[in-house]
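Report on one structure; see the data block that follows.
The values are calculated or read from the model by the stated rules, or taken from the named source; none is laboratory data. Note that the coordinates shown come from a computational prediction; the quantities given were computed from them, not determined experimentally. Positions of Cβ are generated from backbone atoms using ideal geometry, with glycine treated the same way; all protein chains shown enter the neighbour counts. Quick note on the areas: whole protein, heavy atoms, side chains included, nothing else; ligands and nucleic acids left out. Shrake-Rupley method; radii C 1.70, N 1.55, O 1.52, S 1.80 Å.
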Amino acid sequence: MTLSEGILRQKLAQPFRYYQRVASTNDLAKTWLLDGAPDGAVVIADEQARGRGRKGRIWRTPPGTALAVSIVMRPAAARIARINMIGALSVFDLAAQVGCEDIGIKWPNDIQVQGKKISGILVENVWMQGSLHGAVLGIGVNIRIDFSQTDLRETAISLEDVTGFSLNRADLIRSLLERVAYWYQRIESDDLFDTWRSRLSMLGCPVVAEGVRGRALDVTAAGGLLVEDEFDALHEIITGEITAVTQERSAE
Ligand code: BTN
């Protein structure tokens, strides 16, 4: 069964557009958002020719190997930072549902299994004349990408490498969208932030984040990372990523 047939059988709750091959699902979702897509509308593709990652990086989505999903969201502007958390928690839940253990969120929103990245999330906000028009939550999940011959072999992994059995991508997309809807309904609740915080794998660890070397102390309500440097100065990293980490927690 092709992915498109599988998706049709799922009878998704959300309005969706499916494509065999696109440049980037986030780009199509942003265009649809501007054309009036309803809250929760979804763009799905089997393959991305120019999938985009964070910080201008390329995100690989070869045909038949991954999930590439972008969801249109129209949250209150004050809650925009929580879209990242919704994405991370939804992929975390998906990995748990298929039996993964040792799952963690590497701040802000990379999902790792056994310390390797299985998923990346790219949230893009769309502003018009100074007001928020909406956001696109783009989620990529590695299902059966073979990283063994690439320079990502030490840092990336596919879900099927972990489960050891074959996964149905249409089923995974439905489960993922259910988790996104679940967490999106909780966008106002403390549960969303508290669960995201509790699943971060690096709090208490020595890290380097956006050039700041120190210990990841905590996160702020807006999703920023608090890093204490060797001089006990506190830095809030609002956006960016952790580029180095030692998983051993330092003594309290
Ligand atoms: C990262 O750098 O970790 C973020 C990767 C985000 C990839 C997803 S795949 C679906 C959506 N479309 C894109 O072009 N990017 C996101």
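General remarks:
- Positions within the stretch 234-245 being open to solvent by 40 Å² or more (accessible area, probe 1.4 Å) and either among the hydrophobic types (A, V, I, L, M, F, W, C) or closer than 22 Å to ILE86 by Cα (or both), in sequence order: LEU234, GLU236, ILE238, THR239, ALA244, VAL245
- Taken together, the residues in the stretch 65-78 that are within 11 Å of the ligand (Cβ to nearest atom) and over 21 Å from ASN168 (Cα atoms) amount to 0.
- Elements of type strands (runs of 3 or more DSSP E) contained in the stretch 79-144, each with 1 or more residues being modelled with pLDDT under 95 and away from the ligand (no atom under 11 Å from the Cβ): 116-128, 131-142
- Of residues in the stretch 20-34 being part of a strand (DSSP E or B) and farther than 19 Å from GLY120 by Cβ, the one farthest from the ligand (Cβ to nearest atom): GLN20
- Members of the stretch 3-32 found to be open to solvent by 70 Å² or more (accessible area, probe 1.4 Å) and of a type outside the set (Phe, Trp, Tyr), listed by number: GLU5, LEU8, ARG9, LYS11, ALA13, ARG17, GLN20, ARG21, THR31
- Qualifying residue in the stretch 46-64 (condition: open to solvent by 30 Å² or more (accessible area, probe 1.4 Å), in contact with an Asp or Glu (Cβ under 7 Å, 6 or more places away or on another chain), more than 10 Å from the ligand (Cβ to nearest atom) and modelled with pLDDT of 95 or more): yes
- Cβ pairs under 6 Å, 6+ apart, first in the stretch 54-73 and in a loop (DSSP other than H, G, I, E, B), second crowded, with 24+ Cβ neighbours inside 10 Å and small (Gly, Ala, Ser): TRP59/GLY51; TRP59/GLY140
- Residue match in the stretch 161-173 (condition: surrounded by 16 or more Cβ atoms within 10 Å (Cβ to Cβ), among the basic types (Lys, Arg) and within 16 Å of the ligand (Cβ to nearest atom)): yes
- Residue in the stretch 155-169 that is outside any loop (DSSP other than H, G, I, E, B), under 21 Å from ALA68 (Cβ atoms), of a type in the set (Gly, Ala, Ser) and out of contact with any Leu (no Cβ under 9 Å at 6 or more places or on another chain) present: yes
- Hey, SER158 among the hydroxyl-bearing types (Ser, Thr, Tyr), assigned by TED's automatic domain parsing to the domain that holds GLY99 and within 24 Å of LEU3 (Cβ to Cβ) or not: yes
- Taken over the stretch 175-214, the criterion of being of a type in the set (D, E, K, R) and either assigned to a loop (DSSP other than H, G, I, E, B) or surrounded by fewer than 19 Cβ atoms within 10 Å (Cβ to Cβ) (or both) is satisfied by GLU178, ARG186, GLU188, ASP190, ASP191, ASP194, ARG197, ARG199, GLU210, ARG213.
- Any hit, the stretch 35-43, residues being in contact with a Pro (Cβ under 7 Å, 6 or more places away or on another chain) and assigned to a loop (DSSP other than H, G, I, E, B): yes
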